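Encoded as structure tokens, the structure appears first; notes follow it.
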Amino acid sequence: MRTVNHWIGGRTAPGTSGNYGPVTDPATGEVTTRVALASAAEVDAAVRVAQEAFLSWGRSSLAARTSVLFAYRALLDAHRDELAALIVAEHGKVHSDALGEVARGLEIVELACGITTQLKGELSTSVSNRVDVASIRQPLGVVAGITPFNFPAMVPMWMFPLAVACGNTFILKPSEKDPSAANRLAELAGEAGLPAGVLNVVHGDKVAVDALLAHPGIAAVSFVGSTPIARHIHTTASAHGKRVQALGGAKNHMLVLPDADLDSAADAAVSAAYGSAGERCMAISAVVAVGSIGDTLVEKIRERAEKIKIGPGDDPSSEMGPLITAAHRDKVASYVSGAAAQGAQVVLDGTGYTVEGRENGHWIGLSLLDHVRTDSDAYRDEIFGPVLCVLRADTYEEGVALINASPFGNGTAIFTRDGGAARRFQLEVQAGMVGVNVPIPVPVGYHSFGGWKDSLFGDHHVYGNDGVHFYTRGKVVTTRWPDPADTPSSVDLGFPTSR
């Protein structure tokens with residue numbers, strides 16, 4: 001059986017803890033790989049390697065860093081299909097979704113290639129007699145990223161390219177459920193010329209995570225995952241004096257007004273709710289239908305959902321793949337099975353779906369729940385699967401109040417033809433990312449990604465300007481130099497002496 005080991009100091013580092021975790025093919029349920037799980041001692045060894053690499057990388061020129069990043073971008077572009085295939089094999093998403101993930105990660109690499117403009121400081125001359133003041137930004141040192149299973153390439157690329165471009169060294173702890181893409185990203189970085197020890201990958205479970213959070217050699221931690229874990233990461237790492245950005249869970253709403261193009265809204269709801277099998281924090285999981293359009297909208301969503309082809313991710317005809325694990329599949333199914341008892345109308349029930357010849361895969365079909373109550377489990381929890389809840393509201397105000405009452409505030413969207421209503425919504429809704437006739441408002445790389453309320457712990461969003469600020473710290477330098485004409489010197493500088 002293949003083993004995925006750590007990547008430390010520019011080379012493969014076999015695990016020494018003796019602990020391994022299983023990696024399955026979600027389409028078959030078979031264990032195909034094992035991944036080494038790091039001990040605290042192995043985490044410490046990786047940190048020491050990163051600290052040593054920082055001594056030179058942190059002082060390297062911007063030209064040297066960007067030349068590596070440009071080469072890295074070219075290699076990633078050339079290996080898109082290979083990276084996508086690794087994602088399909090271990091995560092289960094279809095190949096087109098996996099390619100899209102790589103493309104979105106590349107956006108941040110491209111942003112990092114332009115770090116020279118992002119790190120420009122400020123200068124004020126002659127604030128007093130011969131006194132100048134400059135503001136500069138400098139790297140933190142060794143920083144860490146803890147990333148989720150649902151985007152094993154994109155989310156790491158949201159973090160480490162900017163971190164190393166700013167002069168830091170990085171330790172990545174990816175999900176142990178689909179670890180291979182992270183190793184390949186690190187290998188390609190080495191091929192691009194990134195010095196050994198600048199980017200390291202340590203695989204592991206809670207033992208490795210807790211070691212990273214407590215290690216005194218790590219200056220900052222980035223995290224993307226569920227809200228309970230994000231809260232733990234933020235509390236624990238902050239208590240150990242670290243800077244933290246911890247992105248948590250979501251329950252993203254799509255408000256559909258009576259004037260909306262319902263065909264467009266239904267198309268958007270299906271792609272946003274069921275794309276990537278709903279395993280994404282920006283999935284639309286709750287549609288709020290305003291006024292009398294609810295029945296028509298639900299029927300249009302049902303018609304489209306029933307046509308989605310579910311199958312293995314490596315089958316070009318598949319539009320949705322399996323879930324990551326059997327345990328997660330069963331948890332998602334439980335929300336659908338219990339929905340009717342909590343007042344919902346089950347329009348589509350996907351819990352019995354299987355694929356012929358691959359019956360042991362982690363399959364589930366598309367589920368659509370209507371008339372969902374806000375006190376039900378299917379509404380309150382982040383399901384993280386292909387389950388769409390539809391709620392009803394009589395007015396725009398009622399719909400916005402419903403959305404704002406949610407403890408989550410990651411992303412939201414409104415579908416309407418009315419510009420005034422859209423303008424009110426973007427100002428009144430309590431969420432960090434807003435779409436107007438756009439169902440998944442994930443910002444482009446040069447704008448930052450992050451939510452509000454229980455969807456974000458810490459002050460910085462990820463990538464964009466916030467990402468640059470997170471991975472650097474400011475310093476203000478005040479200087480005063482005497483005029484050469486006023487200072488006796490043994491070297492003739494050509495200045496007339498003052499009288």
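The values are calculated or read from the model by the stated rules, or taken from the named source; none is laboratory data. This structure is a prediction, so every number in the text was calculated from the model and none was measured. Every residue, glycine as well, gets a Cβ built from its backbone with ideal geometry; the counts of neighbours run over all protein chains shown. We work out accessible area using only protein heavy atoms, side chains counted, and drop any ligands, DNA or RNA first. Shrake-Rupley method; radii C 1.70, N 1.55, O 1.52, S 1.80 Å.
Given contacts defined as C-alpha pairs under 8 Å and at least six residues apart, what's the relative contact order of the chain, whole-number percent? Before the final figure, lay out each step's value.
On the way: 1172 pairs, mean separation 89.7, N = 499.
18 percent.
Along the positive direction of the dipole of the chain (beta-carbon charges: Lys, Arg +1; Asp, Glu -1; about the Cα centre), which of G445, L194, F408 reaches farthest?
Towards the positive end, the residue furthest out is L194.
Can you tell which of A378, P322, A283 lies farthest toward the positive end of the dipole of the chain, using +1 and -1 charges on the Cβ of basic and acidic side chains (Lys, Arg; Asp, Glu)?
Most positive-ward Cα: A283.
Using the Cα atoms of region 350-389, I'd like the radius of gyration and the largest Cα-Cα distance, Dmax, both in angstrom.
12.6, 39
Given region 233-322, what whole percent of its Cα pairs are spread farther than 15 Å?
When every Cα pair of region 233-322 is considered, 67 percent fall beyond 15 Å.
Per the Debye formula with a single identical scatterer at each Cα and no solvent contribution, what log10 I(q)/I(0) holds for region 319-378 at q = 0.15, 0.17, 0.25 Å⁻¹?
One equal scatterer on each Cα of region 319-378 leads to -0.46, -0.57, -1.00.
Can you order the peptides 445-458, 416-429 by their average number of other Cβ atoms within 10 Å per residue, highest first? Walk me through the numbers before you get to the answer.
Numbers: 445-458: 20.8, 416-429: 14.5.
Taking the mean over residues of other Cβ atoms within 10 Å, the ranking is 445-458, 416-429.
Could you work out the equivalent-ellipsoid semi-axes for region 404-487, taking the square root of 5 times each eigenvalue of the Cα gyration tensor, largest first, in whole Å?
Semi-axis lengths for region 404-487 are 42, 16, 12 Å.
Taking the Cα centre of region 68-132 as origin and charging only Cβ (+1 Lys, Arg; -1 Asp, Glu), how large is the dipole, in debye to the nearest 20? Could you put the intermediate results ahead of the total?
Details: 6 positive and 10 negative charges, 56 e Å.
The calculated dipole for region 68-132 is roughly 260 debye.
With every protein chain left in place, what is the accessible area per residue of region 112-269 in square angstrom, probe 1.4 Å?
Per-residue value: 30 Å².
Specify the angular offset, from 0 to 90 degrees and rounded to the nearest 10, of the alpha carbon long axis of helix 262-274 from the longest principal axis of the alpha carbons in the chain.
70 degrees
Give, in nm to one decimal, the length gained when the segment between R424 and R80 is fully stretched (0.36 nm per residue of separation minus the Cα-Cα distance).
119.8 nm
Trypsin sites (Lys or Arg not before Pro), restricted to region 80-175: which are DSSP loop and have at most 15 other Cβ atoms within 10 Å?
Listed in order of number, the matching sites are K120, R130.
Taking all pairs of distinct Cα atoms, average 1/r, flip it, and tell me the Kirkwood hydrodynamic radius of region 333-482 in Å to one decimal place.
Computed over region 333-482, the radius equals 18.6 Å.
Using the Kirkwood radius over C-alpha pairs as Rh, can you work out the diffusion coefficient of region 367-453 via Stokes-Einstein at 4 °C, viscosity 1.567 mPa s, in µm² per second?
On the way: Rh = 14.1 Å.
It diffuses with D of about 92 µm²/s by this estimate.
Computed FRET efficiency, Cβ-Cβ of S334 and D261, R0 22 Å: what is it to the nearest 0.05?
For R0 = 22 Å, the calculated efficiency reads 0.05.
Angle check, please: helix 40-57 long axis (alpha carbons) against the longest principal axis of the chain (alpha carbons), in degrees 0 to 90, nearest 10.
The two axes meet at around 50 degrees.
With axes computed from alpha carbons, what is the tilt in degrees of helix 180-191 against the longest principal axis of the chain, rounded to the nearest 10 within 0 to 90?
Tilt of helix 180-191: around 30 degrees.
Please report, largest first and rounded to whole Å, the three semi-axes of the ellipsoid equivalent to region 100-215, where each semi-axis is the square root of five times an eigenvalue of the C-alpha gyration tensor.
Values for region 100-215, descending: 33, 17, 12 Å.
Considering only lysines 8 or more places apart in sequence, or on different chains, count the pairs in the chain whose C-alpha atoms sit under 19 Å apart.
Lysine pairs meeting the criterion: 14.
Using a 1.4 Å probe on the protein chains only, how many percent of the accessible area of the chain belongs to carbon and sulfur?
Numbers: 10580 of 20260 Å².
Its accessible area is 52 percent carbon and sulfur atoms.
Show me the ranking of peptides 160-167, 10-17 by mean Cβ neighbours inside 10 Å, starting with the highest.
My ranking of the peptides, most packed first, is 160-167, 10-17.
Can you compute log10 of I(q)/I(0) for region 48-153 with the Debye formula, treating each Cα as one identical point scatterer, at q = 0.10, 0.21 Å⁻¹?
For the requested q values the scattering log ratios are -0.46, -1.16.
Note the direction-averaged projected area, equal to a quarter of the hull surface, for the Cα convex hull of the chain, in nm².
Quarter of the Cα hull surface area: 28.3 nm².
Mind checking the dipole of region 124-236: about its Cα centre, +1 per Lys or Arg Cβ, -1 per Asp or Glu Cβ, Debye to the nearest 20?
260 debye
Provide Rg over Rh for region 39-105; use the alpha carbon set for both Rg and the Kirkwood Rh (inverse mean inverse pair distance).
Rounded to two decimals, Rg over Rh is 1.14.
Reported to two decimal places, what Rg/Rh ratio describes region 203-357 when computed on Cα atoms with Rh from the Kirkwood expression?
We get a ratio of 1.07 for region 203-357.
Tell me, what HN-Hα J-couplings in whole Hz come from the Karplus equation 6.51 cos²θ - 1.76 cosθ + 1.60 at θ = phi - 60° for each residue of region 309-326, using x for Gly and Pro?
In residue order, the calculated couplings are 8, 9, x, x, x, 8, 8, x, 7, 6, 10, 8, x, x, 7, 5, 9, 5 Hz.
Which one of V270, P174, S128 has its Cα pushed farthest toward the positive end of the charge dipole of the chain, where Lys and Arg give +1 and Asp and Glu give -1 at the Cβ?
So the residue furthest toward the plus end is S128.
Sort region 1-114 into rounded, prolate or oblate with this rule: let a ≥ b ≥ c be the square roots of the eigenvalues of the Cα gyration tensor; rounded if a/c is under 1.5, and if a/c is not under 1.5, prolate when a/b is larger than b/c, oblate otherwise.
Oblate, because a/c is 1.5 or more while a/b does not exceed b/c.
Mind checking the dipole of the chain: about its Cα centre, +1 per Lys or Arg Cβ, -1 per Asp or Glu Cβ, Debye to the nearest 20?
Using Cβ point charges on Lys, Arg, Asp and Glu, the chain gives about 1600 debye.
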